[in-house]
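The values are calculated or read from the model by the stated rules, or taken from the named source; none is laboratory data. Keep in mind it's a predicted model, so treat the numbers as computed, not measured. Virtual Cβ from ideal backbone geometry, glycine too; neighbours counted across all protein chains shown. Calculation scope for accessible area: heavy atoms of the full protein, side chains included, ligands and nucleic acids excluded. Shrake-Rupley method; radii C 1.70, N 1.55, O 1.52, S 1.80 Å.
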Amino acid sequence: MLLIRCPYCEEERPELEFRNAGEAHIARSANIAGESDDDFEKFFFIRANPKGIIYERWRHIHGCARFFNAVRDTVTDKFVMTYKAGEPKPAKLPGAAK
Amino acid sequence: MSAAFRISGAGRLSQAKTASFSFDGQSYSGIEGDTLASALLANGVHLVGRSFKYHRPRGFLSAGAEEPNALVQIVRDDARKTPNVRATVQELYDGLTANSQNRWPSLAFDVGAVNDIASPMFSAGFYYKTFMWPKWAWKDLYEPKIRAAAGLGVSPEKPDPDHYASRYAHCEVLVLGGGAAGIAAALAAAETGVRVILADEQAEFGGSLRFESGAKIDGENGYAWAQSAIGKLKAMGNVRVLSRTTAFGYYSQNFVGLVERVSDHLKNPGHDLARERLWQVRASRVVIATGAIERHMVFANNDRPGVMLASAARTYLNHYGVAVGKNVGVYTANDSAYAAAIDLKKAGVNIAAIVDLRDNPTGPVIDEARALGIEINFGRAVVSAGGKLRVSSMTVQPKNGGGGRTIPVDAILMSAGWTPSVHLFSQSRGKVAFNEETRRFVPGTYAQDCVSVGASNGTDGLDATIDEAYAAGAKAAKDAGGKAGKSAKPKVDAGESWSRGMLGAAPGAGPGTTVKAFVDFQNDVTAKDIRQAVHEGMHSIEHVKRFTTNGMATDQGKTSNMHGLAIAAEELGKPIPAVGLTTFRAPYTPVTFGSIVGHARGALFDPTRRTATHGWAASQGAVFEDVGHWKRAWYFPKAGEDMHKAVDRECVTVRKTAGLFDASTLGKIEVVGPDAAKFMELLYTNPWEKLETGRCRYGIMLREDGFIYDDGVVGRLAPDRFHVTTTTGGAPRVMNHMEDYLQTEFPHLNVWLTSITEQWAVIAVQGPKSRDIIAPLVEGIDMSDEAMPHMSVREGKICGVPTRLFRMSFTGERGFEVNVPADYGEAVWEALWTEGQKHGATAYGTESMHVLRAEKGYIIVGQDTDGTVTPNDAALDWAVGKKKTDFVGIRGLTRSDLVAKGRKQLVGLKTKDPKVVLEEGAQIVADPKQPIPMKMIGHVTSSYWSENCGRSIALALVAGGRDRMGETLYVPMPNGTIEVEVTGMVFVDEKGERLNG
Ligand SMILES: [Zn+2]
């Protein structure tokens, strides 16, 4: 069982308290009704599914109930870092030099 | 009276404490502290089982958890019959009853042994070849036979009466394995004051010190030192010492699963003791000190009872005081078997000969064996073991061929070398590395905060092991925040050391031979099978493994993996690392379901949610159904009524007078705040800004793709307060969906969401008399049609307690839903029931609720919709705000597929024969005469007998359904095709006049 650091509670808590909520940094258009088919396809259907670093949303559903973002390595499952919803994609990841 | 093979003066068990037991109905005597294996061996019993595939007679290979052969059934009573228990692990208790497995009619004469003679039929891959044809034979012939033949052991007839405990634990240093290495690591870590857990699978700590008679530490015999060290650790407040505890799984971030066998070794455990305890440990650092496992020699008939690992024979002698034979042969490719021969010889057992595959080895153990007068044969091989139910001889030849001789023996001890136990390291996702010099896989690249020490790390020699383990324990503690402790490293005065050996088939079992030289005893895989797999094209070890099933039994190939790999590599002409080692997976040894399930059984398996009126409904004889976690009253049968009669009566009574229904399970969410209406506009298709306070609206929620996600009636209690209802099953996900949008897409909105599902009990009162029933109990609410029209909500009091009174209908009748704080739910229900009875009202359950709503064509999300249905498909286009510029799903609704012609649309169906009730889920076709497979154009979503209509009614999703009104369609069923007519969805009161009736 993974340990996940909730950026709101500022604590590492067991995975059981959290729920994954899909890929992060996919913004819903403010003018969604006018979006082209291609843009809507990208927004709703297309996901990166990378091998390696993934940016994803998690919810501390059995804790503070907040949604937040996480950087995780899909090869090792390890969480690289977590940050609050609405914050930009981190420019540099800790330990990324390796 | 001492058993025949118990040697006085040998071993550590107190001869005074006897324990009687039975095996296959025969009584024997053992000693407390024995395992079932040592107790049987003390009585000269080697034959304990039949092998899985060939039903070959089998004895004990080992003295530990790696045992592939000696699997028995332990029987306490009808409910406690544990199959596949390793006799080498099961501790003896007075009265223990064990039976052999996989034999009929008896262990000595087993009819299934015909498989051994017919073995060419059962060669590698036979599962994939033999049972392919004829096709019919699988179901009627092969499968039943295989199932009957494949079972090892017998299941108990009764539910497990024992209970299983479960604990979480945290520590800085978790040490896995309590041999010399583990104890040294634990001592070093414990001295720093951090929390330490030390676990070992055996009843006593010491690991290989149990048999290594040559070890001496801190002036004591190795085993005695281990016991004093454990005593010292147990006395420390920061240390938890767990014996009989197997680390079976190594998961992410040093999360390790351990199972403690609490009471399986006790005569009368009593119910206050758990049978097993699951430990889920999170450790900052893990020290893996799991030792090494001896390998057998791969030669013909190496599976005969009496042929066993040298270290096992030594354990039986030095720990249990049992000689495994009176005239013992030894076959080895390394030094460790010499130590066994020496110990046995000194205990008075004749050593017939040592056969050593090596040409001219030298060393102190060889000198000592020679000095004891033991015959030693270098450069020779045992090419075959004689005997059937017990080994009777060994045939020895020069390893490169030539004349052989047969030596009578009653046991053969073998050692091909030692395999580091890297299972847990591998489970931690560490990568092993092959050491070319020592020809073994050792821990290479680490993936977690752990360290391997001692034999499991490929470290040879007691001195080096203690050095390494002590340093690793100290470092792990320091890295986890421990203070520097005083160093009290154990001093090794004497130890044993050996390495090397051989991998793969021994001479006489190599390429070109077809003898039964077993690699994997538990799955009956021979060296020949592995070569055959390579010939048939399996070039990766993962394929070889699956084709031959080598290493796939419950022992997970602890003794066989390296041999199998070496044989495959030789046959492929590749180096061992190029063929690859299979990945080790949890569990290390089999784990019971009981220990995983723990207390989560029966009533504690899953939470049960009961509404406020549950007790009342039960007292009225209601039959309940499970809806998610809820228990809901399904119907209320009166004396002599079956379900149909009860439902017919309930449905008729609701439309004639009135009915009471507990709707408390509906999800309820309060949406509050200055931007509440804006939020509702975004989450639902409907317009909300203009909904007046005190009015209600039926809302539809979509996903972004345009499909219906949930629905429910929403009441506006104030400009900034909405009382939202959801489906029963949808409540948690709707709340999640709302929170998601509020927190991440629309965080600028000032809104609070609160789940109020359990705060309000909801009593639906439906029917022409509903107002007459409620009104006498209500204060402060004008319930006239003018003051409180259909789809309105008022706050006031009922029976003196606060209420949110909705006028709404899920039956098509005049109706109300009385919301009261849940604590008052039962009292208000009873008051309404008393009023209702004056009017002849009925209580009704979920079944009637379903029928009544279907009579009106009201949909149930999740029944009439399935995640691919749009509002238009469900004839609910009217609920989508046409002027709105945004709501979740607005863009999805305009996708080309969602606006295309011919989509499946909800319609009504009437069977031509009104008595026939369609099956929900039944498929619909336009032309019943077309060839199979027919083109299916839809399916039935809801179907009931409607007593109010005097006929069956149904709802269905049908392609282009609304353009097919009046058409005849067909529902093909096993017993014939049913003709149906497409109709509108409303079967009762099409004009909706009864809402005010
Ligand atoms: Zn949190």
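Some values worked out for this structure:
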{"quantity": "Charge context of residue B:781, other residues only, Cβ under 15 angstrom, K/R +1, D/E -1", "calculated": "-1"}
{"quantity": "Mean Cα-pair separation over length for region B:1-130, i.e. relative contact order, pairs under 8 Å, 6 or more apart, %", "calculated": "25"}
{"quantity": "Region B:728-764-region B:825-900 distance, computed between alpha-carbon centres (Å)", "calculated": "18"}
{"quantity": "Stokes-Einstein D in µm²/s, Kirkwood radius over Cα pairs - region B:553-676 at 37 °C with 0.692 mPa s viscosity", "calculated": "153"}
{"quantity": "Length added when fully stretched, residue B:542-residue B:272, from 0.36 nm per residue minus Cα-Cα", "calculated": "92.7 nm"}
{"quantity": "³J(HN,Hα) computed for each position of region B:91-102 - Karplus, 6.51 cos²θ - 1.76 cosθ + 1.60, integer Hz, glycine/proline x", "calculated": "7, 6, 9, 5, x, 4, 10, 10, 10, 7, 10, 6"}
{"quantity": "Per DSSP, loop trypsin sites (Lys or Arg not before Pro) in region B:601-637 with at most 15 further Cβ within 10 Å", "calculated": "B:601"}
{"quantity": "Accessible surface, 1.4 Å probe, highest first, among residues B:545, B:346, B:690", "calculated": "B:690, B:346, B:545"}
{"quantity": "³J(HN,Hα), Karplus 6.51/-1.76/1.60, whole Hz, each residue of region B:442-457, x for Gly, Pro", "calculated": "10, x, x, 9, 8, 10, 9, 7, 9, 9, 9, 9, x, 4, 5, 9"}
{"quantity": "Note, ³J(HN,Hα) from phi for region B:190-204, Karplus 6.51, -1.76, 1.60, rounded to Hz, x at Gly and Pro", "calculated": "5, 5, 7, x, 6, 6, 10, 10, 10, 10, 9, 6, 7, 5, 10"}
{"quantity": "Kirkwood-based Rg to Rh ratio, region B:18-115, C-alpha trace", "calculated": "0.95"}
{"quantity": "Relative contact order (%) - criterion: Cα under 8 Å, at least six apart; region: chain B", "calculated": "9"}
{"quantity": "List B:726, B:868, ordered by accessible area with a 1.4 Å probe, largest first", "calculated": "B:868, B:726"}
{"quantity": "R0 of 35 Å, Cβ-Cβ distance residue B:967-residue B:652: FRET efficiency to nearest 0.05", "calculated": "0.70"}
{"quantity": "Shielding score for A:33-40, defined as the mean number of other chain Cβ atoms within 10 Å", "calculated": "3"}
{"quantity": "Cα centroid separation, region B:595-674 to region B:452-521 (Å)", "calculated": "62"}
{"quantity": "Value in Å of the Kirkwood radius, where the protein assembly as shown supplies the Cα pairs that are averaged", "calculated": "34.7"}
{"quantity": "Cα-based helix-to-principal-axis angle, B:643-656 vs chain B, degrees rounded to 10", "calculated": "30"}
{"quantity": "For residue B:960, distant residues with modelled amide H under 5 Å away", "calculated": "B:902, B:903, B:904, B:905"}
{"quantity": "Out-of-range pairs (alpha-carbon distance over 25 Å; input B:399/B:558; B:769/B:910; B:216/B:483; B:528/B:558; A:84/B:882)", "calculated": "B:399/B:558; B:769/B:910; B:216/B:483; A:84/B:882"}
{"quantity": "For residues of A:71-83, the mean tally of beta carbons on other chains within 10 Å", "calculated": "1"}
{"quantity": "Region B:899-997: C-alpha gyration tensor shape, a/c 1.5 cut-off, then a/b vs b/c", "calculated": "oblate"}
{"quantity": "Residue order for A:11, B:990 - accessible surface, 1.4 angstrom probe, largest first", "calculated": "B:990, A:11"}
{"quantity": "Residues with amide H under 5 Å from that of residue B:609, placed H, sequence gap 5 or more", "calculated": "B:630, B:631"}
{"quantity": "Normalised alpha carbon radius of gyration of region B:297-415 [divisor 2.2 N^0.38 Å]", "calculated": "0.95"}
{"quantity": "Projected area, mean over directions - region B:503-573, Cα convex hull, nm²", "calculated": "4.0"}
{"quantity": "Nearest 10 degrees, 0 to 90: helix B:825-838 Cα axis against chain B principal axis", "calculated": "40"}
{"quantity": "Sequence-distant residues sharing a close amide H with residue B:290 (under 5 Å, placed H)", "calculated": "B:453, B:456"}
{"quantity": "In Å², nearest 10: area of residue B:216 left accessible to a 1.4 Å probe", "calculated": "90"}
{"quantity": "20 Å-binned pair-distance histogram of chain B (Cα, whole percent)", "calculated": "12, 31, 24, 24, 10, 0"}
{"quantity": "Whole-angstrom gap from region B:259-314 to region B:337-378, using each part's C-alpha centre", "calculated": "29"}
{"quantity": "Solvent-accessible area of residue B:641 with every protein chain in place, 1.4 Å probe, in Å² to the nearest 10", "calculated": "40"}
{"quantity": "Contact order relative to length of region A:3-84, as percent, for alpha carbon pairs under 8 angstrom and 6 or more apart", "calculated": "32"}
{"quantity": "All aspartates and glutamates inside 20 Å of residue B:574 as judged from Cα atoms, apart from same-chain residues fewer than 8 positions distant", "calculated": "B:436, B:437, B:529, B:536, B:542"}
{"quantity": "Dipole axis of region B:18-115 (+1 Lys, Arg; -1 Asp, Glu on Cβ), positive-most option in B:40, B:26, B:69", "calculated": "B:69"}
{"quantity": "Probe 1.4 Å - accessible area at residue B:80, Å² to nearest ten", "calculated": "50"}
